[in-house]
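Contents: one structure, followed by commentary.
The values are calculated or read from the model by the stated rules, or taken from the named source; none is laboratory data. Not measured: the values here are computed from a predicted model. A quick note on method: Cβ atoms are made from the backbone with ideal geometry, for glycine too, and the neighbour counts reach across all protein chains shown.
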Amino acid sequence: MKIEMKNNQSPDINDEMIASIVSLAATGVNGVERISLRTTDEIMDKLYLISTIKGVKIARNPEGLMIWVYLITEPGVEIVKVSKAVQKKVKIAVESMAGFQVASVNVRIEGSGI
């Protein structure tokens, strides 16, 4: 079943482009050190020797994109405050740059940098 989504900008925007927007927006938030590499990303890289969308997962639904972003924060930051800032910034960035409606942005803090 193919899910149709409305895109106000360009129909040629793929998940890798959206993941790049998500990564740039998330790492631009104060308190975020970097995007975390998920274990499945590491396995896919080794098995297939291709680049996967690291630290970002995207699902397309009729209501809009569901985005998961996996982060490493800077030491001593307020996790809830940083997470909410990431959610807001990612939603605004994807909707304005890619033209897709964002249904949700889920932030998972994988750890804190040293």
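Determine whether residue 4 is modelled with pLDDT under 75, in a loop (DSSP other than H, G, I, E, B) and out of contact with any Leu (no Cβ under 6 Å at 6 or more places or on another chain).
Spelling it out, residue 4 is indeed modelled with pLDDT under 75, in a loop (DSSP other than H, G, I, E, B) and out of contact with any Leu (no Cβ under 6 Å at 6 or more places or on another chain).
Assess whether residue 83 counts as being of a type in the set (S, T, N, Q), modelled with pLDDT under 95 and either under 13 Å from the mean Cα position of the chain (by Cα) or assigned to a loop (DSSP other than H, G, I, E, B) (or both).
Considered against the rule, which asks whether it is of a type in the set (S, T, N, Q), modelled with pLDDT under 95 and either under 13 Å from the mean Cα position of the chain (by Cα) or assigned to a loop (DSSP other than H, G, I, E, B) (or both), residue 83 comes out as no.
Inspect region 47-60 for any residue being modelled with pLDDT under 95 and part of a helix (DSSP H, G or I) and give the result as yes or no.
Within region 47-60, one or more residues are modelled with pLDDT under 95 and part of a helix (DSSP H, G or I).
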